[in-house]
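Undergrad: I have a structure here, written as C-alpha cells, and I will follow up with some questions on it.
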Amino acid sequence: MLGRNFTVGEVPKRALSANGLELVTYSLVTKPTKQTSRVQMRVSRKDVTSATHTNPEIRFEEQDLTSFGGLVMLQALLHTIDFRSRLRVAVRHLRSSGGYCSSRILLVMIVHLFLGWRRLRDLDYYRDDPLVKHVVGLDQMPDVSTLSRRLTEFDEHAVDNLRGLLRELVGERAIAASRSRLTLDFDGSVISTKARGIEGTAVGYNAKSKGCRSYYPLFAVMAQTGQAFDLLHRPGNCHDSRNALGFMLDCEQNLRKQGFQGVLEVRIDSAHYSDATCFGLHNAGVEFAVSVPFERLPRLKEAVENRKLWHPIDDEWSYFKWFCRPSANSRQMFPCFIYRRRVAKPRKGPIQLDLFEPVDRNYEFKVAMTNKRLSAAALLSFHNGRGSQEATFAECESQLGLGYLPSRREIGNRVYMLCNLVAHALGRELQMRVAPQRSKNTATRACLWTIERIGTLRNRLIKRAARLIRPQGRPVIAFATCHDAEQDLRMFTDAASRAA
C-alpha cells in the first residue's frame, strides 16, 4: 500500500524484437515527495474493494487491438528459420489463383492451428485481428470458402514437399541435440469421421467409434524432441504394417541425408513383427526393438511354461534370454528377452477385510526381440519408453485438432494434417530454444527438454490482449503491466530471434 506522501506514474519499458516490432510494457513507479512518512502496511476494505453492481456497456469499435499478443514469439521464430521462404519453395510449382498464393494459404492454416482453432469456420472470429494479419503478411484474411477450396488444389508433389519441410524442421533440432544417437517410434493413430462422403476413408478397426470411416496414418515420432518426424497417409482398413518397412527406411535415409552419422534406433509394437521388417532394419544398420506376439511363435508358450530359472531384475520384473528366428524360413537368429512381471491377481466377488487377507500373485509376460547389445534391464527400460509417442498424439488431437477432417477431398485432409504437425513442431521448437537441455539420453529415451503442452503456453503467453500502435510509423505492441508475463515474453522473443 502506498503512503500519502508518494505519487504514482506510468513508465514505459521498450525493447526491440524481430522484424522491427517493438514490445512495450507499462510499469507503475512511486516517487517520494518532499515530506517523508512511513509507508502504510495495512489496508482497509474500502481501499481494496469496488462496486460491481453496474453492468458495463458493450461496444465494438475500430481499434488496433489484438487478442494474441504473444504471437510475436512465433513471428520472431518464423523470421529466424526463414520459414516463409521454405514454404514458397515447397509449393512454387503450383499456379497461384486469385489474391492468395499457396504458401500464404499454408501459413494461414499453420497459424490458425497454432492459435488453437479447430474448424475452418473459426477463422471468422479473428479475421480482423491486426497482429494475426501482420504475422501472415495479409491486409485481408481469406474467406472460409476460399480457404476450403484452396486446400483441395494442392497435389502430391506439394504434399511430399511439405513432408520434407517437416522432416527438415524436426531433423535439424534432433541432430543438433543428439549427434550420436536418435530414436524413432513408429505407431498408427485412427482419425475417424461420421461423414460418408470423405475421399480415401474406409471402415476399419476403430475402438472408439465402431463402424465409422477413418484414416489410419502411420507416424514417425522423434523421441529426443517429442515431435512428429514424418507421416505416412493410409486408409482406415489397412493393417498396421502396410508399407511400414519402406516408410521406416525412408526416414532413415532422410536423416542420413541431413548429416546424421550416429546410431539410429527404432521401436515398434507387435503389429510390425515380421521376418521382412526385422531383416530389413538389421541390414540397413538400424537398431530395433520389437514386441513379439505369442500367437506368432507357438514355441514361446512352451518355453515359458517349462522355464524354471528366472533371473531377477528387481522386485517386480524377472527374465530369461532366448534365441529364435522371426519366421521358420529365417536364416539368422535374434535374441529375445522374455519378461515376467508380478501382478496382483484380480479377486472375484465382493472384497471385505482385504487388509487382513493374503493377496494371490500372478504373472504377466512380454517378449522383446532386438539386435541391440543391451542388458535385460536396459532393454526393458528402452522398449517401455516407446509409449511416449502417445502423449504426442494426444497433444496434437486435443490442442491442435488433429482428429478433425475439414475437407471432403483426401488431398485437403492430408495438407491439414501436415499443417497440424508443423504447428506442433514450431511450438516445441519455440520452447526448446528457451528450456535447458539434458546432456545425454536417458534409458527410456525421454525428451531431452522439459516442455509444457502448447495449450498451456497458449493460455499463459500467446492469448494476451495488446494494443498495436505506430509512433513515427514504427510498429509497437503494448501490453498491460504484468511482471511475469513481461519476463517470459522477452525471454521467448529473444531466444526465437537468435539462430539455433
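Coordinate-derived values only; no laboratory data. Since we're looking at a predicted model, the values are computed, not measured. For neighbour counting, all protein chains shown are included, and Cβ atoms are generated from backbone atoms with ideal geometry for every residue, glycine included.
Undergrad: With +1 assigned to the C-beta of every Lys and Arg and -1 to the C-beta of every Asp and Glu, and no other charges, what is the dipole magnitude of segment 149-234 about the Cα centre in debye, to the nearest 20?
TA: In debye, rounded to 20, segment 149-234 gives about 440.
Undergrad: Taking amide hydrogens as modeled 1.01 Å from N in the peptide plane, which residues meet the under 5 Å criterion relative to residue 115, leaving out close sequence neighbours?
TA: Sorted by chain and number, the residues that satisfy this come to none at all.
Undergrad: In vacuo Debye scattering of segment 227-355, one point per C-alpha: log10 I(q)/I(0) at q = 0.09, 0.14, 0.17, 0.18 Å⁻¹?
TA: -0.41, -0.82, -1.04, -1.10
Undergrad: Given the convex hull of the Cα atoms of the chain, what is a quarter of its surface area in nm²?
TA: 35.5
Undergrad: Given a Förster distance of 56 angstrom, what is the FRET efficiency for residue 444 paired with residue 60, based on the Cβ-Cβ distance and rounded to 0.05?
TA: Values: r = 52 Å, r/R0 = 0.93.
Result of the calculation: an efficiency of 0.60.
Undergrad: A follow-up question, please. With +1 on each Lys and Arg Cβ and -1 on each Asp and Glu Cβ, and nothing else charged, work out how big the dipole of the chain is about its Cα centre, in Debye to the nearest 20.
TA: In debye, rounded to 20, the chain gives about 580.
Undergrad: Rounded, prolate or oblate: which fits segment 369-483 when a ≥ b ≥ c are the square roots of the eigenvalues of the alpha-carbon gyration tensor, with rounded for a/c under 1.5 and prolate only if a/b beats b/c?
TA: Oblate.
Undergrad: If you take every residue apart from residue 88 with its C-beta less than 13 Å away from the C-beta of residue 88, what net charge results, scoring Lys and Arg +1 and Asp and Glu -1?
TA: Charge balance near residue 88 sits at +3.
Undergrad: At 0.36 nm per residue, and after removing the present C-alpha to C-alpha distance, how many nm does the segment from residue 261 to residue 139 gain when stretched out fully?
TA: 39.4 nm
Undergrad: Could you tell me the center-to-center distance, by alpha carbons, between segment 46-93 and segment 219-298 in angstrom?
TA: Each part reduced to its Cα centre gives a spacing of 40 Å.
Undergrad: Which of the three applies to segment 86-238, rounded, prolate or oblate, going by the alpha-carbon gyration tensor with a ≥ b ≥ c and a/c under 1.5 meaning rounded?
TA: oblate
Undergrad: Then there is this: If one takes the longest principal axis of the Cα atoms in the chain, at what angle in degrees, from 0 to 90 and to the nearest 10, does the Cα axis of helix 244-257 lie?
TA: Taking the Cα atoms of the chain, the angle to 244-257 is about 60 degrees.
Undergrad: Also, I was wondering about something else. When the chain is fully extended, how far beyond the present Cα-Cα distance does residue 93 get from residue 295, taking 0.36 nm per residue of separation?
TA: 67.8 nm
Undergrad: Taking the simple approach of a point 7 Å from Cα along Cα-to-Cβ for both residue 499 and residue 377, what is their distance in nm?
TA: The answer from the label model is 4.5 nm.
Undergrad: In nm, what is the difference between 0.36 nm times the number of residues separating residue 309 and residue 239 and their Cα-Cα distance?
TA: 21.5 nm
Undergrad: What list of ³J(HN,Hα) couplings, whole Hz, do you get for segment 63-69 from phi and the Karplus terms 6.51, -1.76, 1.60, once you set θ to phi - 60° and write x for glycine and proline?
TA: These are the phi-based 3J(HN,Hα) values: 9, 7, 10, 10, 8, 10, x Hz.
Undergrad: Give me the distance between the Cα centres of segment 132-202 and segment 363-438, rounded to whole Å.
TA: 15
Undergrad: Distance cut-off 21 Å, Cα to Cα: go down the list 208/345; 321/440; 133/463 and report the pairs above it.
TA: 208/345; 321/440
Undergrad: Go through segment 181-186 residue by residue and turn each phi into a ³J(HN,Hα) via Karplus (6.51, -1.76, 1.60, θ = phi - 60°); whole Hz please, and just put x for glycine and proline.
TA: Along segment 181-186, the couplings run 7, 10, 10, 10, 10, 10 Hz.
Undergrad: Would you mind computing, in nm to one decimal, how far apart the modelled labels at residue 176 and residue 48 are, each placed 7 Å from Cα along Cα→Cβ?
TA: 4.7
Undergrad: Rank by packing, highest mean first: peptides 398-404, 246-252, 371-377, with packing defined as the count of other Cβ atoms within 10 Å averaged across residues.
TA: 398-404, 246-252, 371-377
Undergrad: Take the alpha carbon atoms of segment 186-289, find their radius of gyration, then divide it by 2.2 N^0.38 Å using N residues; give the quotient.
TA: 1.18
Undergrad: Tell me whether segment 461-500 comes out rounded, prolate or oblate; compute the Cα gyration tensor, take square roots of the eigenvalues as a ≥ b ≥ c, and use a/c under 1.5 as the rounded threshold.
TA: Details: a/c = 2.45, a/b = 1.23, b/c = 1.99.
The shape class here is oblate.
Undergrad: Apply the Karplus parameterisation 6.51 cos²θ - 1.76 cosθ + 1.60, with θ equal to phi minus 60°, to every residue of segment 463-471 and state each ³J(HN,Hα) to the nearest whole Hz, in sequence, with x for glycine and proline.
TA: 7, 10, 5, 7, 10, 9, 10, 9, x
Undergrad: Here's another thing I want to ask about it. To the nearest 20 debye, what is the magnitude of the charge dipole of segment 415-500 about its Cα centre, counting +1 on the Cβ of each Lys and Arg and -1 on the Cβ of each Asp and Glu?
TA: 100
Undergrad: Compute the angle between helix 71-80 and the longest alpha-carbon principal axis of the chain, please, reported from 0 to 90 degrees and rounded to the nearest 10.
TA: 70
Undergrad: Now for a different question. With r defined as the distance between the Cβ atoms of residue 482 and residue 168 and R0 fixed at 56 Å, what FRET efficiency is calculated, to the nearest 0.05? Spell out each step's value before the answer.
TA: Values: r = 36 Å, r/R0 = 0.64.
After rounding, the FRET efficiency stands at 0.95.
Undergrad: Helix 156-177 versus the longest principal axis of the chain: what is the Cα-based angle in degrees, 0 to 90, to the nearest 10?
TA: The angle comes out near 90 degrees.
Undergrad: Mind ranking 199-208, 220-229, 81-90 by how tightly packed they are, going by the mean number of other C-beta atoms within 10 angstrom, highest first?
TA: So the peptides 199-208, 220-229, 81-90, ranked by packing, come out 220-229, 81-90, 199-208.
Undergrad: List every residue whose amide H lies under 5 Å from the amide H of residue 189, counting only residues 5 or more places away in sequence or on a different chain, with H placed 1.01 Å from N in the peptide plane.
TA: 219
Undergrad: For every helix of n ≥ 4 consecutive DSSP H residues, a contribution of -39,500 (n - 2.57) applies; sum these over the chain, divide by its total residues, and give [θ] at 222 nm rounded to the nearest 500 deg cm²/dmol.
TA: Numbers: 15 runs with 165 residues, N = 500.
Using -39500 (n - 2.57) per qualifying helix, the result is -10000 deg cm²/dmol.
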